[in-house]
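All remarks here apply to the structure that follows.
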Amino acid sequence: MTTNKSPSRRILLCDDELHILRAAEFKFKRAGYDVVCANDGQEGWERIEERRPDIVVTDCQMPRLSGLGLAERIRQTPATADLPVIMLSAKGFELSPEELRERYGIRGLMPKPFSPRELFARVEAVLAGQDNSTTPLAPTLN
């Protein structure tokens with residue numbers, strides 16, 4: 001099968017809420033992404049060890065290993081330290097966006113509930129290097 005498309009991007013989606021995983025998975029697969037899903041941070045880390053994705057989208061609060069724990073592990077591992085992470089959260093953070101970026105390498109923060117279209121736009125911007133990293137709470141309007 002010959003295609004004119006560039007190789008698909010690999011995205012890891014981590015969330016313990018199945019309906020959120022499925023909605024995001026559907027959006028990214030339709031756009032040609034290679035999508036890997038995990039139900040918690042520990043499973044997400046195992047998927048990263050199997051094959052590094054181009055980007056990780058993770059919920060903050062999950063069993064076994066939280067999204068912040070996953071982001072910290074990614075950041076502290078030399079082979080994945082530069083892997084972009086977008087955090088999903090239904091709660092506010094005690095840390096500022098700058099602290100989230102510096103301490104955990106979080107490239108964006110999306111509040112729940114979110115639109116799969118907005119998440120897709122944010123992921124595309126991060127992968128294109130056009131994310132506005134200093135204000136990750138700002139909505140993506142592209």
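The values are calculated or read from the model by the stated rules, or taken from the named source; none is laboratory data. Remember, predicted model here, so these are calculated numbers, not experimental data. So basically every Cβ, Gly included, is an ideal-geometry build from the backbone, and we count neighbours across all protein chains shown. Quick note on the areas: whole protein, heavy atoms, side chains included, nothing else; ligands and nucleic acids left out. Shrake-Rupley method; radii C 1.70, N 1.55, O 1.52, S 1.80 Å.
Some values worked out for this structure:
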read-out	value
Residue count for region 71-91, restricted to those that are farther than 24 Å from Lys27 by Cβ and either at pLDDT below 85 or of a type in the set (Lys, Arg) (or both)	2
Extreme residue, farthest from Leu100 (Cα to Cα), among residues of region 23-53 that are of a type in the set (Asp, Glu) and open to solvent by less than 60 Å² (accessible area, probe 1.4 Å)	Asp34
Within region 92-142, considering residues that are part of a strand (DSSP E or B) and open to solvent by 40 Å² or more (accessible area, probe 1.4 Å), the one modelled with the highest pLDDT	Arg107
Residue tally, condition touching a residue at least 40 places away in the same chain (Cβ under 8 Å), among the aliphatic types (A, V, I, L, M) and either out of contact with any Lys or Arg (no Cβ under 8 Å at 6 or more places or on another chain) or under 18 Å from Arg73 (Cβ atoms) (or both), over region 19-53	3
Test: Pro63 is open to solvent by 40 Å² or more (accessible area, probe 1.4 Å), at pLDDT 85 or above and more than 17 Å from Ala38 (Cβ to Cβ)	no
